[in-house]
1. So which residue, out of A:ALA22, A:ALA32, A:ALA65, gets the largest mean-square fluctuation from a GNM of chain A using Cα contacts under 10 Å as springs?
2. Can you check what the net charge comes to around A:ILE48, using other residues whose Cβ is under 11 Å from the Cβ of A:ILE48 (Lys, Arg +1; Asp, Glu -1)?
3. Quick one: accessible area per residue over the protein assembly as shown, 1.4 Å probe, rounded to a whole number of Å²?
4. For segment B:44-91, which trypsin sites (Lys or Arg not before Pro) are both in a DSSP coil and crowded by at most 14 other Cβ atoms within 10 Å?
5. Go through segment B:118-170 and name the GluC sites (Glu not before Pro) that are in a DSSP coil and have 12 or fewer other Cβ atoms within 10 Å of their Cβ.
6. In nm², what is the average projected area of the convex hull enclosing the Cα atoms of the protein assembly as shown?
7. Say we join alpha carbon atoms closer than 10 Å with springs in a Gaussian network model of chain B; which of B:VAL55, B:VAL108, B:VAL170 then has the biggest fluctuation?
8. Among the Cys residues of the protein assembly as shown, which have no other cysteine Cβ under 4.7 angstrom away?
Amino acid sequence: MSTCQNVIAFLDDYVAETLPPASRESFDRHLAACESCVAYLATYRETIRLAKLTIEDIPPEVITAILTTLARNTPRT
Amino acid sequence: MNDAALVAGLRAGDTAAFETLLRLYSARLLRLARRFLDSEEDARDALQDAMLSVVRSIDSFESTSMLSTWLHRIVVNACLMKLRAKKRHPEIDIEEYLPRFLEDGHQVEPSQPWPESVETRIERDELRALVRASIQKLPETCRVVLHLRDIEELSTDETAEILDITPNAVKIRLHRARQALRTLLDEHMK
């Protein structure tokens with residue numbers, strides 16, 4: 001029988017869908033009866049989604065600076 | 001241009017190949033450097049150092065490895081060199097941000113759901129800044145794994161190869177990072 005501690009300990013496998021079927025069924029039974037773990041799972045997934053919000057592009061001047069430094073530091077072909 | 005052609009061009013000293021390399025990889029490599037280093041200036045310096053290392057050491061690149069993995073490793077090493085020279089920013093004690101349990105396996109503090117759409121409660125830019133700042137509080141070992149796995153979406157095996165740790169260590173650090181980040185964000189979501 002899964003406890004909250006068991007479920008949270010292996011939540012990464014549950015989210016990645018890599019749990020063995022028997023374990024997954026045990027997790028699902030626990031989640032059907034535990035509002036706290038349902039909330040934890042939802043917020044765990046939301047955390048992963050929010051982390052991706054931090055992606056941003058590289059400012060063009062950074063590329064220019066690297067190319068300039070490279071031109072200065074390496075022999076031309 | 002595929003990786004093999006890119007590597008051939010770099011080995012021949014072709015600046016067009018290097019420009020292609022920058023166009024393809026620099027954004028994600030700068031994002032990685034930002035995870036290690038406090039300041040934007042340091043991150044850009046590390047990226048620049050790494051790119052010079054790429055040019056100097058391209059002959060040592062073995063085609064059995066993926067080019068992206070090799071590039072990530074060079075950036076990681078450039079960042080670690082910079083970090084050794086600098087005072088590190090404060091990191092949380094991650095143990096304090098992991099869930100705690102009673103003897104019967106229940107959580108000490110039951111979890112609460114977050115609002116349906118956090119972006120409507122908090123402006124997107126403010127939310128992005130909050131998430132970014134929270135990630136930066138994580139211990140470096142966990143922060144970098146979170147970045148490579150969840151943000152850059154690299155595989156467990158590739159992340160392990162970049163950081164020279166076992167795949168199991170990647171899994172453990174990732175789960176701990178996610179749990180701690182969740183706790184940090186939870187404080188702002190209620």
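1. A:ALA65
2. On the way: positive: A:ARG45, A:ARG49, A:LYS52, B:ARG149, B:ARG178, B:ARG182; negative: A:ASP12, A:GLU46, B:ASP150, B:GLU153.
That sum, taken over residues with Cβ under 11 Å, equals +2.
3. 52
4. Details: sites: B:ARG44, B:ARG56, B:ARG73, B:LYS82, B:ARG84, B:LYS86, B:LYS87, B:ARG88; in loops: B:LYS86, B:LYS87, B:ARG88.
When the trypsin sites (Lys or Arg not before Pro) of segment B:44-91 are filtered for loop state and at most 14 Cβ neighbours within 10 Å, B:LYS86, B:LYS87, B:ARG88 remain.
5. Numbers: sites: B:GLU119, B:GLU123, B:GLU126, B:GLU140, B:GLU152, B:GLU153, B:GLU158, B:GLU161; in loops: B:GLU123, B:GLU152, B:GLU153.
Passing both the DSSP loop test and the Cβ count: B:GLU123, B:GLU153.
6. 16.1
7. Maximum fluctuation in the GNM of chain B, among the listed residues, is at B:VAL108.
8. That list is A:CYS4, B:CYS79, B:CYS142.
The values are calculated or read from the model by the stated rules, or taken from the named source; none is laboratory data. All figures in this text were calculated on a predicted structure; none of them were measured in a lab. Positions of Cβ are backbone-derived with ideal geometry, glycine not excepted, and every protein chain shown enters the neighbour counts. Just so you know, the surface numbers come from the protein's heavy atoms only, side chains and all, with ligands and any DNA or RNA stripped out. Shrake-Rupley method; radii C 1.70, N 1.55, O 1.52, S 1.80 Å.
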